[in-house]
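Asker: Attaching a single structure in structure tokens format; questions to follow.
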Amino acid sequence: MSERVLIIGAGGVGRVVAHKCIQVPEVFDMICLASRRKEKCDQIADELEGRISTAEVDADRVPEVVALMKAFDPKLVINVALPYQDLSIMEACLEAGVSYVDTANYEPRDEAKFEYHWQWAYRERFEAAGLTALLGSGFDPGVTNVFCAYAKKHLFDRIDTIDILDCNAGDHGHPFATNFNPEINLREVTANGRYWERGQWKETDPLERTWDFEYPGIGVRRSYLMYHEEIESLCQNIPDVQRIRFWMTFSEAYLTHLRVFENVGLTRIDPIEFEGRSVVPLQFLKALLPDPGSLGARTRGQTCIGCLVEGEAGGKRRRVFIYNNCDHETCFREVQSQAVSYTTGVPAMIGAKMILEGQWDRPGVFNIEEFDPDPFMEDLNRYGLPWKVEEVGDLAVPDGPVA
Ligand code: NDP
């Protein structure tokens with residue numbers, strides 16, 4: 001059955017979601033793309049030869065979102081605006097009777113805190129309303145959580161450790177640019193590292209710990225331990241897991257720029273007074289940096305994101321790497337966006353499809369690993385993000401296994 005879908009956010013990810021939904025007309029009947037600036041939606045609608053409608057909405061304002069939902073009457077909203085809008089869009093969903101999908105957890109503007117408790121607090125209200133809210137249906141969080149659910153269901157009797165590894169080996173030719181929203185990216189990277197071990201959170205200084213990991217299709221890249229939001233739900237939803245860490249690669253040039261920005265205060269998120277105006281330094285920096293949406297046409301190379309999972313299967317130790325490689329230029333040819341937006345937008349479309357097809361339409365608020373991974377894994381292969389499972393028993397892992 002084909003349904004109406006509202007997409008909120010016309011950035012890099014919103015463009016991919018719109019392109020991919022159009023490719024599945026048997027599920028997505030009518031699509032409306034809404035964002036803070038309608039002209040950005042219209043530009044994407046032009047690329048799609050007018051096959052979607054567009055609207056202007058300030059998603060911080062619940063009544064505006066409700067009015068748009070009542071006018072367009074969607075069955076589901078795909079929220080690919082910014083994490084700041086998650087709660088206002090969830091409130092609007094409850095008022096208008098619309099199911100919900102997002103790719104990043106709520107974050108207050110004045111504090112770089114990525115935590116699920118604000119959204120988990122909506123569980124009973126979504127359940128009572130008979131609506132589904134699917135949290136974190138991007139790549140990481142998103143596909144990485146589904147990889148873990150798949151490993152738990154098919155590959156292991158018990159999972160002991162999970163290391164999520166994220167490498168973007170793409171080259172966009174700029175001295176410095178972030179490949180998704182710079183404000184969100186820099187808040188994430190400059191936060192303390194944090195991981196889960198034996199039932200407790202352990203903290204590190206920002207980017208303090210490293211691992212030279214060999215990424216399939218790319219080669220060895222230095223990877224830095226960071227906090228990432230999927231750890232918070234995975235440590236609750238994967239029984240017995242003893243340790244979960246997240247690692248991401250950064251080039252030397254990226255890190256040098258970042259250090260300078262930090263040293264001069266440009267990554268600060270508290271407002272300062274400048275010539276009689278209040279300015280948030282990080283937002284000012286964002287205005288100076290290349291728009292992530294403009295990087296697609298000039299980015300070459302691949303991404304590789306995967307989960308290194310270790311545990312026991314059939315009475316023996318087992319370690320596998322489940323991963324996807326994605327090529328920037330191939331993505332650009334298909335949807336006019338680079339691979340970072342692509343690897344987020346495709347799973348957002350698939351998560352919405354799972355709910356609309358009735359495969360994942362349980363009422364309540366759920367993280368993606370709480371659902372059956374199989375139909376989602378099949379769709380990853382079908383819609384552009386094929387994955388592989390490799391046995392990597394011989395690999396040396398920092399700090400070894402946790403028994
Ligand atoms: P962009 O900044 O490119 O796009 C965000 C869009 O949301 C912009 O079009 C922006 O409008 C719009 N927007 C911002 N505020 C509002 C508002 N109040 N009302 C309506 N629209 C608004 O970001 P990306 O496309 O790169 O990322 C989108 C989301 O995806 C983010 O939440 C990001 O954290 C998440 N993400 C998740 C990943 C994952 O793997 N899970 C990976 C990468 C991103 P305007 O153009 O006017 O600024």
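Asker: Please go through the residue pairs Lys38/Lys75; Lys75/Lys153; Lys153/Lys353; Lys152/Lys202 and name each one whose alpha carbons sit more than 26 Å apart in this structure. Write out the running numbers ahead of the final one.
Answerer: Values: Lys38/Lys75 22 Å; Lys75/Lys153 30 Å; Lys153/Lys353 22 Å; Lys152/Lys202 24 Å.
From the list (Lys38/Lys75; Lys75/Lys153; Lys153/Lys353; Lys152/Lys202), the Cα-Cα distance tops 26 Å for Lys75/Lys153.
Asker: Counting only heavy atoms of protein chains, what accessible area per residue, in Å², does the chain have with a probe of 1.4 Å? Walk me through the numbers before you get to the answer.
Answerer: Values: 16520 Å² over 403 residues.
Value returned for the chain: 41 Å² of accessible area per residue.
Asker: How would Leu82, Leu308 line up by accessible area, probe 1.4 Å, largest first? Numbers along the way, then the final one.
Answerer: Working: Leu82 45, Leu308 5 Å².
The residues order as Leu82, Leu308, largest area first.
Asker: Select from region 67-148 those GluC sites (Glu not before Pro) which occupy a DSSP coil region and have at most 16 other Cβ atoms within 10 Å, ordered by residue number. Kindly include the intermediate steps, with their values, before the conclusion.
Answerer: On the way: sites: Glu91, Glu95, Glu111, Glu115, Glu124, Glu127; in loops: Glu111, Glu115.
Answer by residue number: Glu111, Glu115.
Asker: May I pose another question? What are the ³J(HN,Hα) couplings of region 383-395, residue after residue, when phi is run through the Karplus curve with 6.51, -1.76, 1.60 and θ = phi - 60°? Round to Hz, x for glycine and proline.
Answerer: With coefficients 6.51, -1.76 and 1.60, one gets 10, x, 10, x, 10, 9, 10, 10, 7, 10, x, 8, 5 Hz.
Asker: So if I average 1/r over every pair of distinct C-alpha atoms in the chain and take the inverse, what Kirkwood radius in Å does that give? If you can, show how the numbers build up before the last one.
Answerer: Details: mean 1/r = 0.0466 Å⁻¹.
Over the chain, the inverse of the mean reciprocal pair distance is 21.5 Å.
Asker: Heavy atoms only, 1.4 Å probe, whole protein assembly: order Met349, Met30, Met248 by accessible area, highest first.
Answerer: Sorted descending by solvent-accessible area, the residues read Met30, Met248, Met349.
Asker: May I ask you to list the GluC sites (Glu not before Pro) in region 272-319 that are in a DSSP loop and have at most 11 other Cβ atoms within 10 Å of their Cβ?
Answerer: Hits after loop and neighbour filter: Glu275.
Asker: Scan around Ile7 for amide H atoms under 5 Å from its own, H built in the peptide plane at 1.01 Å from N, and keep only partners 5 or more places away or cross-chain.
Answerer: Cys32, Leu33, Ala34, Ile78
Asker: For a bin width of 5 Å, list the pair-distance distribution of region 198-260 built from all Cα-Cα distances, rounded to whole %.
Answerer: Result returned by the calculation: 4, 14, 22, 20, 18, 14, 6, 2, 0.
Asker: Starting from the Kirkwood Rh over alpha-carbon pairs, what translational D in µm² s⁻¹ does region 1-154 have by Stokes-Einstein at 10 °C and 1.306 mPa s? Write down the numbers at each step before the final one.
Answerer: Working: Rh = 15.9 Å.
Answer from the Stokes-Einstein relation: 100 µm²/s.
Asker: Describe numerically, in nm with one decimal, the distance between label points set 7 Å from Cα along Cα→Cβ at Arg158 and at Asp58.
Answerer: Taking the simple label geometry, Arg158 and Asp58 are separated by 5.5 nm.
Asker: Largest first, please: the extent of the C-alpha atoms of region 252-311 along each principal axis, to the nearest Å.
Answerer: 55, 36, 19
Asker: As an exercise, identify the GluC sites (Glu not before Pro) in region 168-261 lying in DSSP coil whose Cβ has no more than 14 other Cβ atoms within 10 Å.
Answerer: Details: sites: Glu183, Glu188, Glu197, Glu203, Glu208, Glu214, Glu229, Glu230, Glu232, Glu252; in loops: Glu208, Glu229.
Those that pass, being in a loop and sparsely packed, are Glu208.
Asker: Right, another one. In the Gaussian network model of the chain, springs joining C-alpha atoms below 10 Å, which of Ile218, Ile78, Ile368 carries the largest mean-square fluctuation?
Answerer: Result: Ile218 has the largest fluctuation of those listed.
Asker: Top mean-square fluctuation among Lys388, Lys316, Lys152, Gaussian network model of the chain, C-alpha springs under 10 Å?
Answerer: Maximum among the listed residues: Lys316.
Asker: Under a crude label model (7 Å from the Cα following the beta-carbon direction), how far is Val397 from Trp201 in nanometres?
Answerer: With each label point 7 Å from Cα toward Cβ, the separation is 2.3 nm.
Asker: Now, a different point. What does DSSP give for the chain in terms of the percent of beta bridges that are antiparallel, rounded to the nearest 5? Can you show the working numbers first?
Answerer: Details: 48 of 78 bridges.
Just about 60 percent of them are antiparallel.
Asker: With a 1.4 Å probe and all protein chains in place, put His328, His257 in order of accessible area, largest first. Working shown, then result.
Answerer: Values: His328 0, His257 60 Å².
Sorted descending by solvent-accessible area, the residues read His257, His328.
Asker: Rounded to the nearest Å, what's the spacing between the alpha carbon centres of region 376-403 and region 77-121? Just the number, please.
Answerer: 29
Asker: Using amide H atoms built 1.01 Å from N in the peptide plane, name the residues 5+ places from Ser337, or on other chains, whose amide H lies under 5 Å from its own.
Answerer: Counting only residues 5 or more places away or on other chains, the set is Phe332.
Asker: Right, next: Over what distance in Å are the Cα centres of region 178-192 and region 127-163 separated?
Answerer: Result: 23 Å between the Cα centres.
Asker: Here's something else I'd like to know. Hey, can you grab everything whose amide H is under 5 Å from the amide H of Glu107? Only 5+ residues off in sequence or another chain; H modelled, so Pro and N-termini drop out.
Answerer: Answer set, sorted by chain and number: Tyr84, Asp86.
Asker: Would you mind getting me the FRET efficiency between Ala71 and Glu273? Use the beta-carbon distance for r and R0 = 45 Å, nearest 0.05.
Answerer: 0.65
Asker: Distance between Cα centroids, region 288-343 to region 34-75: provide it in whole Å.
Answerer: With region 288-343 and region 34-75 each reduced to a Cα centre, they are spaced 28 Å.
The values are calculated or read from the model by the stated rules, or taken from the named source; none is laboratory data. The shown structure was predicted, so the numbers you read here are calculated from the model rather than taken from an experiment. When we count neighbours, we look across all protein chains shown, and the Cβ atoms used for this are built from the backbone with ideal geometry, even at glycine. To get the accessible areas, we keep the full protein, side chains included, count just its heavy atoms, and leave off ligands, DNA and RNA. Shrake-Rupley method; radii C 1.70, N 1.55, O 1.52, S 1.80 Å.
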